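One structure is given here, and the rest of the page talks about it.
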Amino acid sequence: MDQQVAGQQTTGEREEGEGSVKESSVVQRALTAGEGLKTIVGEEAISDLKVFADEVTLMVNREALKRVLSLLKENFGFAMLIDATAVDWLKRGEPRFEVVYHLLSLSHRTRLRIKVAVASTDAWVPCICDIYPNASPYEREIWDMFGIFIDGHKNLKRILTYEEFPGHPLRKDFPLFWQPGEPVEVEEEKNDEW
Amino acid sequence: MSQQTTETTLTLNMGPQHPSTHGVLRLILTLEGETVLDIQPVIGYLHTGIEKEAETKTYHKVITLNDRLDYVSGMTNNFAFCLAVEKLLGIEVPLRGQYLRVLITELQRIASHLVWLGTTALDIGIMSAFFYAFREREKILDLFEALCGARLTYSYFVVGGVRYDLPEGWTESCRNFLRDFSAAWVELDELISRNPIWLSRTKGIGILPSDAAIACGVTGPSLRASGVPWDLRKTLPYSSYNHFQFDIPVETDGDTFARYWVRMREMQESAKICHQVLNNLPPGPVMADHPWATPPPKELLDKDMEAVIRHFLFYSRGYPVPPGEAYAAVEGARGEVGFYIVSDGSEKPYRMHMRSPSFIHVFALPVAARGHLVADLVAILASFDTVLGEVDR
């Protein structure tokens with residue numbers, strides 16, 4: 001059995017070891033970036049830095065989001081926006097929404113998750129298309145599915161549903177079985193499947 | 001194009017029902033003569049709300065929804081979903097299960113690339129390649145059918161491992177396939193790679209430079225065709241991919257031909273991995289034994305009351321997953337397939353989001369296709385291998 005350490009011809013820097021050792025070093029690299037960033041932008045911009053299931057999550061204030069992302073892209077090597085989505089915490093109370101960005105660093109071979117808490121009365125996040133151009137469809141999806149306004153987006157139209165569609169389907173109060181003409185917000189889901 | 005014609009730009013609607021879009025995709029083209037000035041993709045025609053539906057089903061049932069997203073390579077979607085849930089539960093898959101996952105995913109990659117090759121060649125006008133490619137793909141589907149009974153929506157991967165061990169004689173049929181495939185690969189190569197029509201339709205067409213590819217978020221073979229050696233199997237290895245020796249094909253041209261050639265060579269590398277798995281397949285269980293998140297062994301059901309209870313709870317109420325969030329990604333046939341799962345501690349995912357590579361590739365299309373002819377747009381769109389099922393989710 002040839003136990004081959006991966007990443008031979010891929011990047012310049014090579015990591016020794018494999019399996020769990022390698023896995024922890026991926027977290028370590030993300031953590032280094034997160035803590036380095038925290039020293040630059042300060043406590044008020046990054047309210048929390050969590051490590052869970054080998055993943056590093058930064059809770060970022062909405063006002064500091066664009067600065068944090070451009071710093072991560074320019075100074076910390078997170079060149080690619082992998083994913084952007086949102087989560088609706090209806091039952092938990094305000095702030096109701098969390099907008100989640102997943103970043104990938106090709107040079108450091110690690111990932112980072114950025115989360116922004118958004119209240120339902122003030123549901124907007126700044127557009128990050130000028131930092132990551134591929135954010136545009138993701139942001140349109142967040143607007144379409146969750147109704148979180150993207151401030152500064154040039155083409156903020158619905159993307160998966162149609163223009164006349166009422167409501168935002170991935171909100172927790174949007175009914176699962178919805179028919180045109182029915183209300184788009186329901187009190188309690190009646191869906192005891194099991 | 002001369003300066004006089006700049007006033008006469010034309011807006012043309014391509015799709016949603018168009019044979020070259022491989023699904024239901026609408027492109028609003030701005031043309032000057034036959035040159036594409038701008039493209040505006042309009043998606044959503046296949047939106048099925050699977051992410052919403054997943055919130056109302058138990059984790060075990062969600063597996064059956066995932067493979068419907070990217071219906072050309074369902075195994076990869078199941079793989080990424082299971083990895084994400086395993087991260088939350090802290091399950092370590094036994095080595096045999098990990099190796100089987102690698103084997104099946106690599107076969108799935110070959111099958112998916114063959115579908116891509118056949119349909120792209122058909123778009124460009126080589127109809128015979130379609131038949132050769134689909135003949136080989138059919139053999140892989142037969143292997144999958146023998147393995148799990150399904151040909152397209154497998155649900156073979158489950159949280160904790162894979163559903164069944166290999167049936168009797170399967171290893172032999174797989175070896176036979178791999179032997180036939182290496183000959184078929186040469187056949188396809190001879191048929192296509194030096195075909196003058198193919199070369200003139202693909203060489204220098206739809207160039208995506210490496211910096212634009214990274215800025216657009218392009219992943220997978222399309223990124224490697226632009227000269228970026230990024231493959232999650234090597235760079236962020238999962239599920240014992242670091243036990244196998246294989247190369248990452250990289251091309252630097254970034255054109256349609258490079259994307260074709262990367263995929264062709266990837267099929268060879270996948271076959272290489274399959275050989276290594278078959279030669280080194282360790283004995284042992286294929287599924288982890290978790291106290292509640294995996295079904296009990298079948299042979300215990302008529303002996304042990306506790307096992308019956310566990311079986312009943314597993315299949316009816318489902319299993320609770322500790323609260324938290326996890327993102328797991330695998331290198332799919334099209335690019336990075338990722339699942340982001342948020343759990344609130346119940347039996348159903350609080351939020352499941354799929355990071356689908358095609359979704360972002362559709363929006364990278366304008367960058368690659370600007371300035372080309374409408375006829376080339378068909379080839380460029382095909383070269384990104386978009387599957388509309390996972391674009392619209």
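With Cα atoms as the point set, the radius of gyration and Dmax of the range A:20-194 evaluate to 17.7, 56 Å. Bridging of B:K234 to lysines at a Cα separation below 16 Å is possible for A:K22, B:K272, once same-chain residues fewer than 8 apart are set aside. Of all the accessible heavy-atom surface of the range B:84-142, with the other protein chains kept in place and a 1.4 Å probe, what percent is carbon and sulfur? Using a 1.4 Å probe with all protein chains present, the range B:84-142 comes out at 58 percent carbon and sulfur.
Estimated translational diffusion coefficient (Stokes-Einstein, Kirkwood radius over Cα pairs, 20 °C, 1.002 mPa s) of the range B:2-42: 197 µm² per second. B:V250: net charge of surrounding residues, Cβ under 15 Å, Lys/Arg +1, Asp/Glu -1, itself excluded? Cβ neighbours under 15 Å give a net charge of -2.
Below 8 Å between Cα atoms, with a sequence gap of 6+, how large is the relative contact order for chain B in percent? Numbers along the way, then the final one.
On the way: 762 pairs, mean separation 101.6, N = 393.
This gives 26 percent for chain B.
Ellipsoid fit via the Cα gyration tensor, the range B:178-290: semi-axes of 31, 21, 9 Å, each the root of five times an eigenvalue, largest first. Projected label points at B:R175 and A:S47, each 7 Å from Cα along the beta carbon direction, are separated by 6.1 nanometres. Computed from the C-beta positions of B:D289 and B:S182, the FRET efficiency with R₀ = 30 Å rounds to 0.20.
Across B:D180, B:D253, B:D38, mean-square fluctuation computed from a Gaussian network of chain B (C-alpha pairs under 10 Å connected) peaks at B:D180.
Charged neighbours of A:G167, selected by a Cβ distance under 14 Å, balance to -3 (K, R count +1; D, E count -1).
Taking only the C-alpha atoms of chain B, the Rg (one decimal) and the largest Cα-Cα distance, Dmax (whole number), read 22.0, 86 Å.
Within chain B, the selection of entire DSSP H helices by a Cα span of 15 Å or greater along the long axis and an average Kyte-Doolittle value of at least 1.0 returns B:357-369. An ellipsoid equivalent to the range B:1-137, defined through the eigenvalues of its Cα gyration tensor, has semi-axes of 39, 22, 13 Å when rounded to whole angstrom and sorted largest first.
Computed packing ranks the peptides A:173-184, B:63-74 as B:63-74, A:173-184, most packed first, by mean other Cβ atoms within 10 Å.
Per residue of peptide A:176-184, the mean number of Cβ atoms on other chains within 10 Å of the residue Cβ is 1. The mean sequence separation of alpha-carbon pairs under 8 Å and at least six residues apart, normalised by the residue count of the range A:20-194, gives a relative contact order of 16 percent.
Counting other Cβ atoms within 10 Å, keep those with at most 13, restrict to DSSP loop, and tell me which GluC sites (Glu not before Pro) in the range A:42-148 are left. Each step should come with its number before you reach the end.
Details: sites: A:E43, A:E44, A:E55, A:E63, A:E74, A:E98, A:E139, A:E141; in loops: A:E43, A:E44.
Answer by residue number: A:E43, A:E44.
With all protein chains kept in place, the per residue accessible area of the range B:101-259 amounts to 33 square angstrom at a probe of 1.4 angstrom. Each residue, B:D189 and B:E299, gets one label point 7 Å from its Cα in the Cβ direction; the gap between the two is 4.5 nm.
From the P(r) of the protein assembly as shown, could you give the percentage of C-alpha pairs in the tail past 33 Å? Above the 33 Å cut-off, the protein assembly as shown has 43 percent of its Cα pairs. Spin-label pair A:E187-A:D173: with each label point 7 Å from Cα along the Cα-Cβ axis, the two points sit 1.2 nm from one another.
Pairs of alpha-carbon atoms within less than 8 angstrom and 6+ residues apart define the contacts here; what relative contact order does the range B:214-284 have, in percent?
31 percent
Listed values for the range A:79-92 are Karplus-derived 3J(HN,Hα) couplings in whole Hz (6.51 cos²θ - 1.76 cosθ + 1.60, θ = phi - 60°), namely 7, 10, 8, 7, 7, 9, 7, 9, 10, 9, 9, 4, 6, 6, and x replaces Gly and Pro.
B:T153 to B:R370: extension gain in nm, 0.36 nm per residue of separation minus the Cα-Cα distance?
The B:T153-B:R370 span can extend by a further 74.5 nm.
What aspartates and glutamates sit close enough to A:K157 to cross-link, taking a C-alpha to C-alpha distance under 17 Å and skipping anything fewer than 8 places away on the same chain? Filter leaves A:E139, A:E141, A:D144, B:D392. Sorting the segments B:191-200, B:159-168 by their residues' average number of neighbouring beta-carbon atoms within 10 angstrom, most packed first, yields B:159-168, B:191-200. Take the accessible area of A alone and of B alone, subtract that of the pair with a 1.4 Å probe, and the total buried over both chains is about 5200 Å².
A straight line joining the Cα centroids of the range A:70-149 and the range B:188-257 runs 28 Å. Within a straight-line Cα-Cα reach of under 29 Å, B:K57 can be paired with the following lysines, leaving aside sequence neighbours fewer than 8 residues apart in one chain: A:K50, A:K91, A:K115, A:K172, A:K190, B:K87, B:K298, B:K348.
The values are calculated or read from the model by the stated rules, or taken from the named source; none is laboratory data. Small disclaimer: the values here were computed from a predicted structure and weren't measured. Cβ: placed from backbone, ideal geometry, glycine included. Neighbour counts: every protein chain shown. Quick note on the areas: whole protein, heavy atoms, side chains included, nothing else; ligands and nucleic acids left out. Shrake-Rupley method; radii C 1.70, N 1.55, O 1.52, S 1.80 Å.
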